[in-house]
Amino acid sequence: MNCLTFGPVHVYLGEKSGKYPDGNQVIVQGADTRVAFDTPRVANRIGPALDEVDAVILGHVHEDHMAGLHRLPRARVQVHEADLAAAQSWSGLSRHYGYPPEVLAVLRPIIERDFHYQPRPDATAYADGATWDLGGGVRVRAHHLPGHTAGHCALVVEPGGVAFIGDIDLTGFGPYYGDATSDLGQFRQSLQKVREIDACVWVTSHHRGVLTDRAAFLDALNQFAGKIDERDDKLLAYLRERPHTLDELVARGILYPPGVPLPWIACAERRSIGMHLAHLMHEGRVCADGDDWVLA
């Protein structure tokens, strides 16, 4: 397993640099305390380095970031207050996703099997700007960057400036904001705020892994953010062809290619397209005509 080290920070790269459904595991060792940032599937291939952590700080709550928590029943678990309920119970996670009951009924056994999902009713909350002193001058600071989820945060190790930026993951897929607590407007703002974090190493949850050059980070971030505008353009292109109902737009999609066998895709497309349409309507570029959406 490939492990990269930056002072007190150890980054264990998941399969294909943490490409979903895997992820990248960060473990930070201070003089007094060892913490993990999230626990993706790769956590289950790490030995004592993970088993001996004192605490897990979740950058946000989704099934792929909790896949190793079952190994750490005695570790403290902390999560941003806006995502806390999603970590504590299945009912909280269900509201977090916002999928209809029939989709949740299919999803739950999948995440229990593939991600070892277990709720953590003992999880406690942190807020934006929270800090953890790990001893020996090593600190962790939370930067709230909502949009992907309401509580999504970057976790930055100080000093040294190693920033775990979670699912601002710089992938070719682009930003994901398809769940009930996702917010496209907040994601746009977070993509600006993440630029302001004082860092020299950027670690993503998925696929990119580690970047150590600021110019390369900013270039990747610009391409990632550009996917939002590409989705606007895709919707506008559909409407240039003819008026579409929301159901028709969902069937064509802006996020996923046709045929991807994931039970939540239609839900994610519907929520994402709805937010794009609201944005485009605010800009005066589209409008509703009965059940149809048309160019303004």
Top-ranked residue in the range 64-77 [being part of a helix (DSSP H, G or I) and surrounded by fewer than 20 Cβ atoms within 10 Å (Cβ to Cβ); ranked as farthest from the chain's Cα centre (by Cα)]:
Arg71
Does Ala75 qualify as being closer than 26 Å to Ile265 by Cα and at pLDDT 95 or above?
no
Taking the range 205-237 and keeping residues touching a strand residue (DSSP E or B) at 6+ places or on another chain (Cβ under 6 Å), β-branched (Val, Ile, Thr) and not in a loop (DSSP other than H, G, I, E, B) leaves Val210
Tell me, please, whether a residue that is basic (Lys, Arg) and more than 23 Å from Thr204 (Cβ to Cβ) can be found in the range 115-134.
yes
Tell me which residues, restricted to the range 175-204, are out of contact with any Pro (no Cβ under 7 Å at 6 or more places or on another chain) and in contact (Cβ under 8 Å) with a residue 60 or more places away in the chain.
Tyr176, Tyr177, Gly178, Asp179, Ala180, Thr181, Ser182, Leu184, Gly185, Val201, Val203, Thr204
Take Thr39 and decide whether it is in the same structural domain as Gly92 (by TED's automatic domain parsing) and buried (at least 22 other Cβ atoms within 10 Å of the Cβ).
yes
Could you tell me which numbered condition His207 fails, if it satisfies all but one of (1) crowded, with 20+ Cβ neighbours inside 10 Å; (2) under 21 Å from Val42 (Cα atoms)?
(1)
Scanning for something more than 21 Å from Gly68 (Cβ to Cβ) and either touching a residue at least 40 places away in the same chain (Cβ under 8 Å) or out of contact with any Asp or Glu (no Cβ under 8 Å at 6 or more places or on another chain) (or both), does the range 106-116 turn up at least one residue?
yes
Looking only at the range 1-36, count how many residues are surrounded by 22 or more Cβ atoms within 10 Å (Cβ to Cβ) and assigned to a loop (DSSP other than H, G, I, E, B).
5
How many residues, within the range 171-218, are among the charged types (D, E, K, R) and at pLDDT below 95?
1
What pairs can you find where one residue is in the range 140-156 and in contact (Cβ under 8 Å) with a residue 60 or more places away in the chain and in a loop (DSSP other than H, G, I, E, B), the other is surrounded by fewer than 24 Cβ atoms within 10 Å (Cβ to Cβ) and among the β-branched types (Val, Ile, Thr), and their Cβ atoms are less than 8 Å apart, with a gap of 6+ or different chains?
Thr149/Thr181; Ala150/Thr181; Gly151/Thr181
From the options Lys227, Lys234, residue that is of a type in the set (D, E, K, R) and within 21 Å of the chain's Cα centre (by Cα):
Lys227
Selected residue [within 18 Å of the chain's Cα centre (by Cα), farther than 22 Å from Tyr20 by Cβ and in contact (Cβ under 8 Å) with a residue 24 or more places away in the chain] from Ala123, Ala127, Ala87:
Ala127
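The values are calculated or read from the model by the stated rules, or taken from the named source; none is laboratory data. Keep in mind that this is a model prediction, so the values were computed, not measured. We place every Cβ from the backbone using ideal geometry, glycine too, and count neighbours over all the protein chains shown.
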